[in-house]
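The values are calculated or read from the model by the stated rules, or taken from the named source; none is laboratory data. Please read all numbers here as calculations on a predicted model, not as lab measurements. With ideal geometry, Cβ positions are generated from the backbone for all residues, glycine too; neighbour counts draw on all protein chains shown. Protein only, heavy atoms only, side chains kept; ligands, DNA and RNA dropped before computing areas. Shrake-Rupley method; radii C 1.70, N 1.55, O 1.52, S 1.80 Å.
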Amino acid sequence: MRDIKNEIEQADYVLVGIGSEWKAQEGMENTILEAYNKLADILKDKNYYIVTTCYDDIIFDSDLKKEQITAPCGSIRRYQCENGCTGVIKSEDEVNKDSTCPVCGGQYVKNIVKADKYNEEGYMDSWKNYGTWLSRTLNRKVVILELGTDFTYPTVIRWAFEKVVMINNKAYMYRINEKFWQLTEEINEKAESIKMNSIDYINKY
Ligand SMILES: [Zn+2]
């Protein structure tokens, strides 16, 4: 088993995936925030990027660098037209009870993946930045921390990160997960799994 602390220290880049183990749960917010802050401390001198499938925005209250995070499943603090009209995304401050879409007069709803017509403009800038960042990591030493992902949106983190591991000879992945810790055969030699809840793991790091 490799020494994860040492590996992170030696890495040029650290790619982090945050999955459903980190989803906001009643009474758990402080533990989750604490884990994000711990992660910020672990990564503080590193060049990192974080992809999360959470849309509860707890991560944005932490010490992690906001400009190094992309949340393609949306944000509960952002609003979109219920009919998915483009160019009308609003922040929590800009929208009020009576706001309606200037294009179609529709109601504003939360800009999250569960919206009937999810408007992906809300995260597009950060997603593009992630793509640029990722392209720079090719053939550099990348440590990947995949924390508590399930199979809900596998193309966002799980399968996408496995692909990064496969195409970059210097990539190494840690899959930390209580339920879905298994590794596929293709990445067996370039990854290891830690069968543990990833929030507990980070908080005990
Ligand atoms: Zn509209």
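Some observations on this one:
- Percentage of interatomic Cα-Cα distances in the stretch 18-103 larger than 20 Å: 43
- The HN-Hα couplings worked out from phi for the stretch 114-126 by the Karplus form 6.51 cos²θ - 1.76 cosθ + 1.60 (θ = phi - 60°) are 7, 4, 4, 10, 4, 9, 7, 5, x, 10, 4, 4, 5 Hz, whole numbers, x standing for Gly and Pro.
- Exposure of residue 9 as accessible area (Å², to 10), given a probe of 1.4 Å and all protein chains: 130
- For the chain, taking the reciprocal of the average inverse distance between every pair of different Cα atoms yields a Kirkwood hydrodynamic radius of 17.8 Å.
- Surface share of carbon and sulfur [accessible, 1.4 angstrom probe, percent] for the chain: 46
- Each Cα pair under 8 Å and six or more residues apart adds its separation to the average, and for the stretch 94-205 the resulting relative contact order is 18 percent.
- Most simply put, the chain has about 25% antiparallel DSSP beta bridges, counting only bridges with both residues inside it.
- Note that the stretch 64-78 has calculated 3J(HN,Hα) couplings of 5, 6, 4, 6, 10, 10, 10, 10, x, 8, x, 8, 6, 9, 10 Hz, one per residue in order, obtained from phi through the Karplus relation 6.51 cos²θ - 1.76 cosθ + 1.60 (θ = phi - 60°); glycine and proline are x.
- Cut-off under 5 Å, modelled amide H: who pairs with residue 47 long-range: 14
- Relative to the longest principal axis of the Cα atoms of the chain, the long axis of helix 29-42 lies at roughly 50 degrees.
- Length-normalised contact order of the chain in % [C-alpha pairs under 8 Å, at least 6 apart]: 23
- Normalising the average separation of contacting C-alpha pairs (under 8 angstrom, six or more residues apart) by the number of residues puts the relative contact order of the stretch 14-125 at 23 percent.
- With 30 Å as the limit, the listed pairs 170/195; 110/195; 46/114; 128/163; 117/190; 65/170 have 110/195; 46/114; 117/190 beyond it between alpha carbons.
- The mean accessible area for residues of the stretch 35-75, using a 1.4 Å probe and ignoring ligands and nucleic acids, is 34 Å² per residue.
- Base-10 log of normalised Debye intensity for the stretch 1-65 (one unit scatterer per alpha-carbon) at q = 0.21, 0.26 Å⁻¹: -0.89, -1.18
- With θ taken as phi - 60° and the Karplus curve 6.51 cos²θ - 1.76 cosθ + 1.60 applied, the whole-hertz 3J(HN,Hα) list for the stretch 192-205 is 9, 10, 10, 8, 7, 4, 5, 5, 4, 4, 5, 5, 9, 4 Hz, x standing for glycine and proline.
- Pairwise centroid distance, computed over Cα atoms, of the stretch 1-56 with the stretch 65-97, Å: 23
- By the Cβ rule of 4.7 Å, the chain holds the following cysteines without a possible disulfide partner: 54, 73, 104.
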